[in-house]
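Here is the structure we will look at, set down as structure tokens.
Any read-out appearing in this document is the output of simple, stated calculations on the displayed coordinates, not a laboratory observation. As the structure is a prediction and not an experimental result, all values here were calculated from the model. Using ideal geometry, Cβ is built from the backbone for each residue, glycine included, and neighbour counts are taken over all protein chains shown.
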Amino acid sequence: MSKADDNTVLQVNDLNVSFDTPDGRVDAVRGVNLHINRGECLGIVGESGSGKSQTFMTAMGLLANNGIATGDVLFHGKSILGMPVQQLNKIRGKYMTMIFQDPLTSLTPHMTVLDQMTEVLKLHTDVRGEDAARKSLEWLERVRISDAKQRLEQYPHELSGGMRQRVMIAMSMLCEPELLIADEPTTALDVTVQAEILDLMDELKKDSNTAIALITHDMGVVARMCDRIQVMKDGVYVEEGTADDIFYSPQHDYTKMLLDAMPRIDQPDKATNRKLKEYDEKGRDQEFLTVDDVRVEFDIKINEGWWPKRVPLKAVDGVTFTLRPGETLGIVGESGCGKSTLARAVLQLIPPTAGAVSWLGSPLSGLNRKELNKKRKDLQIVFQDPLASLDPRMTIADSIMEPLQTFRPDMSRKEMKAKVAKIMERVGLPQHMINRYPHELSGGQNQRVGIARAMIMEPKLVVCDEAVSALDVSIQAQIIELLMDLQEDFDLSLLFISHDLSVVREVSHRIMVLYLGRIVELADRHEIYKDPRHPYTKQLISAVPIPDPKLERSRKRIKLPGELPSPMDPTAKLRFMPSKIEANQLDYVPRLDEVKPGHYVAEHDELEKLIV
């Protein structure tokens, strides 16, 4: 590791951070030393609870009331640890900014996006009024928010998680800071938006000589962005070095584990080191789950002129597919493409506007609640955020038992408890946790609770909606392997929804790519990566970072011009057929053609025409 010099923007010397808790003292950071130079990106990697974020929260003067910090933090050689808030505020927000991991808790709920962005400019610059609004709009467009002008007038709760993260990033970059601390800045983002955000941060580093501290557990992002890397575990740095040192000759077992657990789009079965069991070919023609021309529309109110008007938003726009027994169908696409809405329509949690869903040869569409409940014991879902889907007032045992109480009232409580204990053991939850509440468990443990609750009825179909996206790589690998084991044990079929194409390739037999509610490509998991045909699929694959610095930095990404269209735009579905827009054939619907046996591709213009 090179030594700090006059170029050093931030220097941390022997930092220790501890917290007084009801369970005693917790040492979160222990004797940490680091520095970041101008124009340099330092990667801090490690799993949840390792102390990554706490190191920099302390440096920013955001230590909790029960925290104690010792050591020193220097910004341009000036000590800022313990500096009075009034003085620190002259540095924070202008010269030193932070992109927080959870934008919903970082944005003010009662202020519009415009008000929050212009507040930053008002506090730290002379930019006011229309100029401030113009600069705010410019940054929202740079972080690729669709309908950026409309978003300025919205409140945080009206935006998706990915959009809120982009607002947070735009706010952090408004003053073009000297030091940018990015705490998991792209975790909730689609791969294409992640690629754009990383490009923006890289531009800021090169053009403005900005120093960047990148806190993440995504080794692919680190491989692409970082000059130096520090690996953190249990509050201490266990290894540090250049990107090449860490990736090509790691010394510590923990570093090796992080690299081994990371799924790679170029190496399927990397994270679990086992091949996905092929589904039984005998079941290929069996009527299991059939989705036929399903459409889901929502009426959205927009303000135009004096009177608001309602326009239809086509969240799912004519999707047809089948699912076979024991098969996993991966569903990928960017935020707003209709992945989750489609899954909920399949399960009848959202009634489809049109189309039909058949389960084991009988229709699900149009059934009343009582009839649906009889089917639902075989149809389960694992949600993205287990804390939001678990009742905080119920123990995890009661949460897991709930489906039994609904569908198996004939069982005694003793029998139910025995079944709960058995499924807990199966998903890797220790028995001593049986009476704990969700807030007492880690994210990975809560996700296991969600999986146990979905599996306890031994269903035939489980929908996994971004079930591993927020987990550390080692926990993610464990959950993936758990799902594959359960699939074998229970002969499960899975709909696996994710924006992480590396994970999708690891677990899926076939992959379906959605774009604004329509299928643009559907093929076998190997075929779709070896021979992608649709420009959108090519763009998604090229944007996925690979945890190999030399390979990642030499790759060419496919960038399609223009902003991501709004689903409200009637011509959005023709983004890949500009020839039809030029010919004023705005009602044209691209065909889905079978280009090879089992490989379907939506009609599109040639990629070269799209890029030009």
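Show me, bin by bin at 5 Å from 0, the whole-percent P(r) of region 365-446 based on Cα pairs.
Spelled out per bin, shortest first, that is 3, 13, 21, 23, 20, 11, 6, 3, 0.
Nearest 5 percent is fine: what portion of the DSSP beta bridges confined to region 427-524 is antiparallel? Please list the in-between numbers first.
Numbers: 6 of 11 bridges.
Roughly 55 percent of the DSSP beta bridges within region 427-524 come out antiparallel.
Around I381, which amide H atoms from residues at least 5 apart in sequence, or from another chain, sit under 5 Å from its own amide H, with H modelled in the peptide plane?
V463
How far apart, in nanometres, would the label points at E130 and D410 be if each is projected 7 angstrom from Cα along the Cα-to-Cβ direction?
7.5 nm
Rounded to the nearest 0.05, what FRET efficiency do E203 and Y437 have when you use their Cβ-Cβ distance and R0 = 56 Å?
Details: r = 45 Å, r/R0 = 0.81.
Between E203 and Y437 the formula returns 0.80.
Only loop residues by DSSP count here, and only those with at most 16 other Cβ atoms within 10 Å; note down the trypsin sites (Lys or Arg not before Pro) in region 389-459 that meet that. Intermediate results must be reported in sequence, preceding the final value.
On the way: sites: R393, R413, K414, K417, K419, K422, R426, R436, R448, R453; in loops: R393, R436.
Answer by residue number: R393, R436.
Sort out the exposed loop GluC sites (Glu not before Pro) in the chain (DSSP loop, at most 11 other Cβ within 10 Å) and tell me the longest stretch that has none.
Working: sites that count: E278, E563, E606.
In short, 279-562.
Can you list residues from other chains, or at least 5 along the same chain, whose modelled amide H is less than 5 Å from the amide H of A602?
Hits under the 5 Å cutoff: E521, D593.
Kirkwood Rh over alpha-carbon pairs of region 43-192, then Stokes-Einstein at 4 °C and 1.567 mPa s: what D in µm² s⁻¹, rounded to an integer? It would help to have the intermediate numbers written out before the result.
Details: Rh = 16.4 Å.
The calculation lands on 79 µm²/s.
Using a/c under 1.5 as the rounded threshold, could you call region 1-93 rounded, prolate or oblate? The axes a ≥ b ≥ c are square roots of the C-alpha gyration tensor eigenvalues, and prolate needs a/b larger than b/c, oblate otherwise. Walk me through the intermediate numbers first.
Numbers: a/c = 2.08, a/b = 1.35, b/c = 1.54.
Here region 1-93 falls in the oblate category.
Over region 446-498, one equal point on each Cα, no solvent: what is log10 I(q)/I(0) by the Debye formula at q = 0.15, 0.19, 0.26 Å⁻¹?
Listed by q, the Debye log ratios stand at -0.37, -0.60, -1.14.
Calculate how many DSSP beta bridges within the chain are antiparallel, expressed in % of all such bridges and rounded to the nearest 5. Provide the component values of the computation, followed by the final result.
Values: 60 of 96 bridges.
Beta bridges within the chain, antiparallel portion: roughly 60 percent.
Percent of Cα-Cα pairs more than 27 Å apart in region 105-252, please. Intermediate values should be presented prior to the final figure.
Working: 3056 of 10878 pairs.
Cα-Cα pairs in region 105-252 separated by more than 27 Å: 28 percent.
Above 40 angstrom, tally the Cα pairs of the chain and express them as a % of all pairs, no decimals.
Numbers: 56967 of 186966 pairs.
Result: 30 percent of Cα pairs exceed 40 Å.
I'd like the Kirkwood hydrodynamic radius of region 448-563, using the inverse of the mean 1/r over distinct C-alpha pairs, in Å.
On the way: mean 1/r = 0.0629 Å⁻¹.
Over region 448-563, the inverse of the mean reciprocal pair distance is 15.9 Å.
Say the cut-off is 22 Å between C-alpha atoms; which of K314/K339; K135/K538; K339/K573; K339/K556; K94/K206 go over it?
Flagged as over cut-off: K135/K538; K339/K556.
Normalised by the empirical 2.2 N^0.38 Å for globular proteins, what value does the Cα Rg of region 71-150 take? Intermediate values should be presented prior to the final figure.
Details: Rg = 15.2 Å, N = 80, 2.2 N^0.38 = 11.6 Å.
Rounded to two decimals, the normalised Rg is 1.30.
With each pseudo-label sitting 7 Å past Cα toward Cβ, what's the D531-H110 distance in nm, one decimal?
For D531 paired with H110, the spin-label model returns 6.0 nm.
How big is the Rg/Rh ratio for region 508-605, C-alpha atoms only, Rh by Kirkwood, two decimals? It would help to have the intermediate numbers written out before the result.
On the way: Rg = 14.9 Å, Rh = 14.8 Å.
Radius of gyration over Kirkwood radius for region 508-605 works out to 1.00.
Kirkwood Rh over Cα pairs of region 305-366 into Stokes-Einstein at 10 °C, 1.306 mPa s: D in µm²/s?
On the way: Rh = 13.7 Å.
Using the Kirkwood radius from Cα pairs, D works out to 116 µm²/s.
Only Cα pairs under 8 Å and at least 6 apart count here; give the relative contact order of region 87-169 as a rounded whole percent. Spell out each step's value before the answer.
Working: 67 pairs, mean separation 34.3, N = 83.
The normalised contact order for region 87-169 reaches 41 percent.
So for region 114-165, considering every pair of alpha-carbon atoms, how many percent are separated by more than 12 Å?
Summing the P(r) tail past 12 Å for region 114-165 gives 63 percent.
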